[in-house]
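Just below is one structure, and these are the notes that go with it.
The values are calculated or read from the model by the stated rules, or taken from the named source; none is laboratory data. Note that the coordinates shown come from a computational prediction; the quantities given were computed from them, not determined experimentally. FYI the Cβ positions are ideal-geometry reconstructions off the backbone, even for glycines, and counts take in every protein chain you see.
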Amino acid sequence: MHTNYLALAIVIGYMVGLGLLTSVIQRSVNTTTTFTSGTSGHSGVPAVLVGLMLMSEFIGTSASVGTAQEAFKSGISAAWNIIALALGFLFYAYFLAGKYKESGQNTISGVFADVWGPQTRLATSLVMIFALQIVGVAIYAGGGTILSGLLAVDRTLATVICGIVSVLYVFMGGMKSVVYTNVIHSLMKYVGVAVALWFGLTKVGGFGELQARVPAEMFSWTNAGWGQIFAWFIAGIGATFSTQYVIQAINTVETRQKAKAASLYTALLLVPFGIATALVGVCSLALFPTIKSINAFSALITDMNGVMAGVVAAGMAASLFGTMAAISVATATLLYKDFYVRFVARTDGKHDDEKRSLTFIRITTIVAGLLPIVLAIYTPNILQMTFLAKAIRASLSVLVLLVFYAPWFGTRTGALLSIVISLVATIAWFLMGNPYDIDPAYVALVIPLIIMGLSSLVERVRGTTPVPTETIRSAPD
């Protein structure tokens, strides 16, 4: 391996360009509302831009590198990992986008608090922050793998560099920066993956030669196993239903119709990306059958010329920056609304001025972006970490559906217990190595239903009605 200076220069040039754009955007970011929502006054963000942004956020380096890693082992069926997200956004468009928009909230914890009381707010925030940090771990692990190939340095150092650099531009611009720079990121991701796939197929000798050089099951859409595929769908759909930066992004548009349109744009953009990324992993298997699966994507880059490697690496950098920006801003928003406003701003007896609040959010954004670095260094399987984060959010997605469509089912205590027990059980199941070959996503799906059902039964036995006193502020579909 040797340092690819030309490719590195292209990536640095891309980053500098983003920095200049962010500096311009930063001039209009002078309130917490603008930082966390990306809007000022009554001006919304176009739905197509939000669709591009959401696509960019969901296909970070963990999705790109992780899907290629899985495809190295199970073939084209690894694409279901990303196609599941597309289906999730399709459902989101018709069942949840409008309801989230009309709720008047831009945090999931706020939506839950409207129906199940304030005791669920902190628990939901902590679960979401934890899940987002796990996503950050996978993002940095993927970015470190790519950068280590470019710099010819240890993956640990490359991961640290990724972590430090990725939080700088979002620190300046907040959600407004995320919206507009992620449009550029989305285009770069598509270009990067397209170039990588073209290079891989060319290197192999064409699609026909690729089919001849790898086992036939690598082109089976069910090779990963139905259990795994269904688990990807549960976790993927759950992630779209309950991820903080999704609702935050949807609230940047003006109407529920535009919120629905943004979700549909995202779904359409995800499918071809998932298939292309999986094929990259299969190409890598044909070309480098003896490498570690985690290097499936980076091995192709290190074999390219400088310009081509720079374009693909810039696309991967876009994957990293886009998702980490969303994670950092989403985490900062939750900490600000559910902790700072509640416990800090109201305890000193003084009026909480806008400048101090904005400073808190900016600092929190940096901290949230840097925390996952340590764990990312020791992450051997990127897709597994991404899947765990999705599984954790799947439990919240069950509660999201209940809060909008069946607020009478369960109780406030049941909701709180569902959040806490699902988190502990899902992580424990993952750490035990998925006993009986049952994925954590199934655990996360079932536990809230059981607990909420039992809580309803207990309340009925006691002779009380388990209907919350508050109702969500949402217009009927």
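Just one of the numbered conditions (1) surrounded by fewer than 19 Cβ atoms within 10 Å (Cβ to Cβ); (2) under 26 Å from Leu402 (Cβ atoms); (3) modelled with pLDDT under 80 is not true of Ser43; which one? Answer for Ser43: the failing condition is (2). Tell me yes or no: at least one residue of the stretch 450-459 is more than 14 Å from Ser395 (Cβ to Cβ), over 23 Å from the mean Cα position of the chain (by Cα) and buried (at least 21 other Cβ atoms within 10 Å of the Cβ). There is at least one residue in the stretch 450-459 that is more than 14 Å from Ser395 (Cβ to Cβ), over 23 Å from the mean Cα position of the chain (by Cα) and buried (at least 21 other Cβ atoms within 10 Å of the Cβ). For the stretch 285-307, give me the residue count where each residue is touching a Leu at 6+ places or on another chain (Cβ under 7 Å) and modelled with pLDDT of 95 or more. Going through the stretch 285-307 one residue at a time, the tally reaches 1. Here are some residues: Tyr100, Tyr92. Which one is aromatic (Phe, Trp, Tyr), surrounded by 21 or more Cβ atoms within 10 Å (Cβ to Cβ) and at pLDDT 85 or above? Within the list Tyr100, Tyr92, the selection yields Tyr92.
Contact annotation: residue pairs with Cβ atoms under 7 Å, 6 or more positions apart or on different chains, pairing a residue in the stretch 181-204 that is touching a residue at least 40 places away in the same chain (Cβ under 8 Å) with a partner that is polar (S, T, N, Q) and surrounded by 24 or more Cβ atoms within 10 Å (Cβ to Cβ), are Asn182/Ser56; His185/Ser56; Ser186/Ser56; Lys189/Ser56; Lys189/Ser319; Val193/Ser64; Val193/Thr277; Gly200/Ser284.
Report whether or not Val65 is closer than 22 Å to Ala235 by Cβ, buried (at least 20 other Cβ atoms within 10 Å of the Cβ), within 21 Å of the chain's Cα centre (by Cα) and modelled with pLDDT under 90. So Val65 passes the test.
Applying the criterion of at least 1 residues that are closer than 30 Å to Ala93 by Cα and at pLDDT 90 or above to the helices (runs of 4 or more DSSP H) found wholly in the stretch 362-477 leaves 382-405, 412-431, 440-462.
Per-residue answers, yes or no, for (1) at pLDDT below 75; (2) surrounded by fewer than 19 Cβ atoms within 10 Å (Cβ to Cβ); (3) aliphatic (A, V, I, L, M):
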site: Arg155; (1), (2), (3): no, no, no
site: Val167; (1), (2), (3): yes, no, yes
site: Gly173; (1), (2), (3): yes, no, no
site: Thr181; (1), (2), (3): yes, no, no
site: Lys189; (1), (2), (3): no, no, no
site: Val193; (1), (2), (3): no, no, yes
site: Thr202; (1), (2), (3): no, yes, no
site: Gly208; (1), (2), (3): no, yes, no
site: Gln211; (1), (2), (3): no, yes, no
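Could you figure out which of (1) touching a helix residue (DSSP H, G or I) at 6+ places or on another chain (Cβ under 8 Å); (2) in a helix (DSSP H, G or I) isn't true of Ala224? Only one criterion is unmet by Ala224, namely (2).
Would you call Ala444 within 23 Å of the chain's Cα centre (by Cα) and surrounded by 24 or more Cβ atoms within 10 Å (Cβ to Cβ)?
yes
Taking Phe241 as the residue in question, decide whether it is of a type in the set (A, V, I, L, M, F, W, C) and over 18 Å from Val65 (Cα atoms).
When the stated conditions are applied, Phe241 passes them.
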